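In what follows, a single structure is set out as structure tokens and then discussed.
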Amino acid sequence: MSLAQHKFTHSTQQHRILVVEDCDSERLLLTNLLRSLNHQVISCANPYDAINYLKHNHVEMVITDWMMPNISGVELCKTIKSSANPPYTILLTSKNQNDNIIEGLASGADDFIAKPFHSGVLQVRVLAGLRIIEMQQQLSLKNQALNLLLAQEQQYSKNLKQDLHIAAELQQALLPKNNLLSQGWRVNTRFKPAQDLAGDLFQCFEIDEQRIGFYLLDVSGHGTAASMLSFNLAHCLSPTHNAWQSGDICSLVNQINHQFEDPQQTGRFATLLLGIINTCTSQIELVNAGHPSPILVTEEAASLVSQLDTNNNSNQQLPIGIDHQYQYQSYSLDLPPASQLLLYSDGIYECRNSKYGYFGQQKLLKNINEARQLPAEQLLHFLTYSAELWQEKTAQDDISLMLISSASSVQSSRQH
């Protein structure tokens, strides 16, 4: 056995090879040579039989003569290559001019061997072809595995999207459902999450016939991780908590801060603005844990609450989760007649324009002042639309707005 034959025998598995040769002696020679190399060989004396065989059977390689009656090897190659999964094809011929080689390969043949050929040359050319076949088979298996993984990934992605959609619906369900409050007060809201899920949550509800409770919570970041933490904190802020009934909102915030967890140690924190309104006296008690100052909207102007009483520092307190031992304090505010209190997350003013930079609180105040005579729903629409335009309609952070209107403000709006 020659060196080439030795390598060929031990480097390949058994393959199915079709030999097409109208010369009996050469067909027999090729068949015996390939069988001696442990391959399954099928032989045909004419292209018609070969074409008919290939319609119903698969082979990995075809070795065909060029010069045959009726149908040439070149025409056979063209027919073979038109099939969905064509075998590797070697064309044998005594035509060895460049034009002949170009014609043969252009017809679809993968290789070209000139007659007369040395058996060792044929063996190594067959070996090269079968190696390509084996690599293609391995590649096909890997592609199948990748397609399977892709299908699994797509199904996982589909399931995840469904879960996120359900979670988003649950998050929406935690928001105020009714804008009518006791004593003729009203709440209007806007909620624009940057992704399917948001780190913002807010609520406004009746504690009893004379008191309204509310909060706006903003967990740092946005997306799934932030939303899971906001869900947990919202549970702690449930309207059924005894602190709302007793009016001890400081202890409620202190408890939440003490129990705040950041399991991944990613430096997460939360800002929280929480309060109780007496609808009869229009007095508000607030606790602000690092949240943007609420905005008081009257018929005359819109102002940051933090700027109304410069001697009171209780509205400049640490966010939740920074210092677990921190003790929060509340402060009081009397709402003027026909006024509104706007609570918002920083996403409404920290959005950035590629040309003009950050939106900023002052621009937010300016917009509110210009549009403060609008009804509550239209005012919130104007503010969110302005922010969306500023950030070029590409959501950068969650946007939450909650506008609480006194009874006299609601009546004044109706008159206008």
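The values are calculated or read from the model by the stated rules, or taken from the named source; none is laboratory data. Predicted model only: the values in this text are computed from it and were never measured. With ideal geometry, Cβ positions are generated from the backbone for all residues, glycine too; neighbour counts draw on all protein chains shown. The accessibility values were calculated without ligands, DNA or RNA, using every heavy atom of the protein model including side chains. Shrake-Rupley method; radii C 1.70, N 1.55, O 1.52, S 1.80 Å.
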Problem - Degrees between helix 376-390 axis and first principal axis of the chain (Cα, 0 to 90, nearest 10) - result: 40 degrees
Handout entry: Net charge of neighbours whose Cβ lies under 13 Å from the Cβ of Leu160, counting Lys and Arg as +1 and Asp and Glu as -1
Key = -1
Problem - Part-to-part distance (alpha-carbon centres) for region 55-104 and region 372-407, which is given in Å - result: 72 Å
Completion exercise
The long-range amide H neighbours of Ala194, using H built 1.01 Å from N in the peptide plane and a cut-off of under 5 Å, are Asp398, Ile399
Completion exercise
Quick P(r) readout (region 165-273; Cα-Cα; 5 Å bins; whole %) gives 2, 11, 22, 22, 20, 14, 7, 2, 0, 0
Handout entry: Dipole magnitude of region 125-177 about its Cα centre (Cβ charges: Lys, Arg +1; Asp, Glu -1), debye to nearest 20
Key = 200 debye
Fill in the blank from the handout: About its Cα centre, the chain carries a charge dipole, from +1 on Lys and Arg Cβ atoms and -1 on Asp and Glu Cβ atoms, whose size in debye to the nearest 20 is 1100 debye
Handout entry: Inter-site label distance for Gln210 and Glu26 at 7 Å from Cα along Cβ, in nm
Key = 11.2 nm
Exercise for the section: Net charge near Pro239: determine it from the other residues with C-beta under 14 Å of the C-beta of Pro239, scoring Lys and Arg +1 and Asp and Glu -1. Expected result: 0
Practice task
Quick one: pull the percent of accessible area on region 199-283 belonging to carbon and sulfur, 1.4 Å probe, ligands and nucleic acids left out.
Solution key: 48 percent
Problem - Stretch gain in nm, segment Lys81-Asp49, where the contour uses 0.36 nm per residue and the Cα spacing is subtracted - result: 9.9 nm
Practice task
Give the peptides 389-397, 224-232 in descending order of average Cβ contacts within 10 Å, highest first.
Solution key: 224-232, 389-397
Fill in the blank from the handout: Volume per residue (Å³) of the convex hull spanned by the alpha carbons of region 211-294 is 94 Å³
Problem - Mean accessible surface per residue for the chain, computed with a 1.4 Å probe while every protein chain stays in place, in Å² - result: 51 Å²
Exercise for the section: For the chain, build the convex hull from the C-alpha positions and give me its volume per residue in Å³. Expected result: 251 Å³
Practice task
Provide the gained length on full extension for the span Gln172 to Gln195, in nm with one decimal, where the gain is 0.36 nm per separating residue minus the Cα-Cα distance.
Solution key: 7.0 nm
Exercise for the section: Please give the contour-minus-distance gain from Glu153 to Tyr356: 0.36 nm per residue of separation, less the Cα-Cα distance, rounded to one decimal in nm. Expected result: 69.0 nm
Practice task
Determine ³J(HN,Hα), in whole Hz, for all residues of region 400-410 in sequence, where each value follows from phi through the Karplus function 6.51 cos²θ - 1.76 cosθ + 1.60 and θ = phi - 60°; x replaces Gly and Pro.
Solution key: 10, 10, 9, 10, 9, 10, 5, 4, 5, 5, 4
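Give me Rg/Rg_expected for region 109-153, where Rg uses Cα atoms only and Rg_expected = 2.2 N^0.38 Å with N residues.
After normalising by residue count via 2.2 N^0.38 Å, the value is 1.78.
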Practice task
Please list the non-local residues whose amide H lies under 5 Å from the amide H of Arg186, H modeled 1.01 Å from N, same-chain partners needing a gap of 5 or more.
Solution key: Leu181, Ser405
Exercise for the section: Let me know the shape class of region 268-375, please: from the alpha-carbon gyration tensor, a ≥ b ≥ c as square roots of the eigenvalues, rounded when a/c is under 1.5, otherwise prolate if a/b is greater than b/c, or oblate. Expected result: oblate
Problem - At R0 = 60 Å, FRET efficiency that the Cβ-Cβ distance of Ser140 and Gln255 yields, to 0.05 - result: 0.45
